[in-house]
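For reference, the structure is listed below as structure tokens.
What follows is calculated from the coordinates using simple rules that are stated; it is not laboratory data. The shown structure was predicted, so the numbers you read here are calculated from the model rather than taken from an experiment. FYI the Cβ positions are ideal-geometry reconstructions off the backbone, even for glycines, and counts take in every protein chain you see.
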Amino acid sequence: MNADPISETPQIRITVVTGFLGSGKTTLLRRLLADAENLSLGVIVNDMSELEVDGDLLRDPEKRNEELGNFVSIHSGSISGPRQLSFASVLDDWKGRRDLDHLIIETSGSTHPWPLIQEVAVRREYRLEIWVTLIDARMLKSDLESGRMLLGTREGHLALMIDQVKVASHILLTKTEKLSSAELSAMANHLESINPEACLFAVNYGRISFSKLLNSGQFNRKRANQIAQPWRKRVSLDAADFGIGSTVVSDPRPLHPKRLWTLFREGLGSGIHRSKGFIWLPSRDRDVLLWNQAAGSIELELSAYWKAALVKNPDGKLVPEEIAALQGMLEGTHPVFGDRACDLTLIGKDLDRQIFAEALRECFCTDDEIRHWEQGGEFEDPWPKTFLQV
């Protein structure tokens, strides 16, 4: 009797990294990818916005990209909603591959677990091994009474957050550096009430090894099936089901540092769950800045340098051939700003997004301010003088 050909195909193990908006998924994934260099990894990254921020951060020209066939970025919708078919198509394309040991999936913060679990379950070539759910501890303390508000609720985005916790094999409390042991213990107790079977870790800046995850808890498919009963008849789950949407604000002009600072401190509505993207300031026109806001906290990170700044060779380190190469890359870009631009995605409730987007557009520099920048003028800049390095 011939063997079943599917049974002879090695299964690709899957780790899912999920968590509500701004919980630190991309930071964690970058750590995991660096820690798992001995594995042949495939990576699927999902962003509900049309702006591809996470994909740009995780794509690697030498190790992970579309040309190498081990990286896919799915954006403009959640893979539990409008982009579920795209997600299924990638799984179909990659099943049976012998060059991949493990597949890591980073979901958008608005992704519901059940459609992903279904898509993997119907494909015998995959095995869902680890489900990591990240929780922003600072947000849990300030907005949800250290997690007590999650107990028993089924409303809006909190219902989504609860389901992400319920199915997890691992729960990571992130951004814990300023919390006391007593505060973390209270959070752990509330989360364990929701999911007593998950392995619970407190981490900062994604500092946990891939091997530690692999050698601890395992995803419980039977438990996930029981949890998912209310959702089983739904074909897909969109962010709109939880009152969440996205808006993209793009402009080549710089953001005025003082107006942006004031807007963040005074005009950030509670309905803006997340905003992220790349910006530039006229006071720091060399720096590509990664804007990373979650709830009431903001991080600005130095991501790279604009080619339009480097081509002027401010440090005198470039040879003529390198300058010529940069000039070629800048062909067709903005005549004044070059490759500099601001691209931000705002995620949250409709009215809050509309109000914040309008206020954000008022932060872009005026014509007079741009002329002031071109003439080498200074700008009041209250942001920290040094940034995190990506």
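Points worth noting:
- Spherically averaged projected area in nm², based on the convex hull that wraps the Cα atoms of the range 61-102: 3.5
- Relative to the 2.2 N^0.38 Å rule of thumb, the range 12-240 has a C-alpha radius of gyration ratio of 0.96.
- For the pair Asp92 and Val319 in one chain, pulling the backbone fully straight at 0.36 nm per residue adds 77.0 nm over the alpha carbon distance.
- Sequence of Asp136, Asp350, Asp287 once ranked by neighbouring C-beta atoms within 10 Å, starting from the fewest: Asp350, Asp287, Asp136
- The radius of gyration of the Cα set in the chain, together with its Dmax, comes out at 22.2, 82 angstrom.
- Here the relative contact order of the range 244-389, from alpha carbon pairs under 8 Å that lie six or more residues apart, stands at 40 percent.
- Rounded, prolate or oblate (a/c below 1.5 giving rounded, otherwise prolate when a/b exceeds b/c) for the range 17-76 by Cα gyration tensor: oblate
- On the basis of the beta-carbon distance and an R0 of 25 Å, Ala159 and Glu299 show a calculated FRET efficiency of 0.35.
- The alpha carbon gyration tensor of the range 320-389 gives principal lengths a ≥ b ≥ c with a/c of 1.5 or higher and a/b greater than b/c, which makes the shape prolate.
- Cross-link reach list, lysines versus Lys349, counting only Cα pairs under 28 Å and skipping chain neighbours closer than eight places: Lys25, Lys141, Lys166, Lys175, Lys233, Lys258, Lys276
- Against the main long axis of the alpha-carbon atoms of the chain, helix 84-94 sits at an angle near 80°.
- Of the GluC sites (Glu not before Pro) found in the range 12-92, those in coil by DSSP whose Cβ has at most 14 other Cβ atoms within 10 Å are Glu37, Glu50, Glu62, Glu66, Glu67.
- For the range 99-108, 3J(HN,Hα) per residue [Karplus equation, 6.51 cos²θ - 1.76 cosθ + 1.60, θ = phi - 60°, Hz, x = Gly/Pro]: 8, 10, 7, 8, 10, 10, 10, 9, 8, 6
- ³J(HN,Hα) computed for each position of the range 295-311 - Karplus, 6.51 cos²θ - 1.76 cosθ + 1.60, integer Hz, glycine/proline x: 6, x, 10, 9, 10, 10, 10, 7, 9, 5, 10, 5, 4, 4, 7, 5, 5
- Rounded to the nearest whole Hz, the Karplus-based 3J(HN,Hα) values (6.51 cos²θ - 1.76 cosθ + 1.60, θ = phi - 60°) of the range 325-342 follow the sequence 5, 5, 4, x, 5, 8, 4, x, 7, 4, x, 9, 9, x, 8, 5, 6, 10, with x at glycine and proline.
- Prolate/oblate/rounded call for the range 244-389, Cα gyration tensor, a/c under 1.5 rounded: prolate
- Descending Cα extents along the principal axes, the range 63-196, whole Å: 47, 31, 28
- As a size descriptor, the averaged projected area of the C-alpha convex hull of the range 303-361 was calculated at 5.8 nm².
- In degrees, nearest ten, helix 25-35 long axis to first principal axis of the chain (Cα): 80
- Considering only Ile12, Ile347, Ile171, the mean-square fluctuation computed in a Gaussian network model of the chain, springs between alpha carbons under 10 angstrom, is largest for Ile12.
- Most to least packed among 369-379, 84-94, 14-24 [average Cβ atoms within 10 Å]: 14-24, 84-94, 369-379
- Between helix 257-267 and the chain: long-axis angle, C-alpha atoms, 0 to 90°, nearest 10: 40
- Most mobile of Asp54, Asp143, Asp163 in a GNM of the chain (Cα contacts under 10 Å): Asp143
- Reachable aspartates and glutamates from Lys178, criterion Cα separation under 18 angstrom, eight or more residues apart if same chain: Asp136, Asp143, Glu145, Glu299
- Most fluctuating residue given options Leu351, Leu213, Leu200, as computed from a GNM of the chain linking Cα atoms under 10 Å: Leu351
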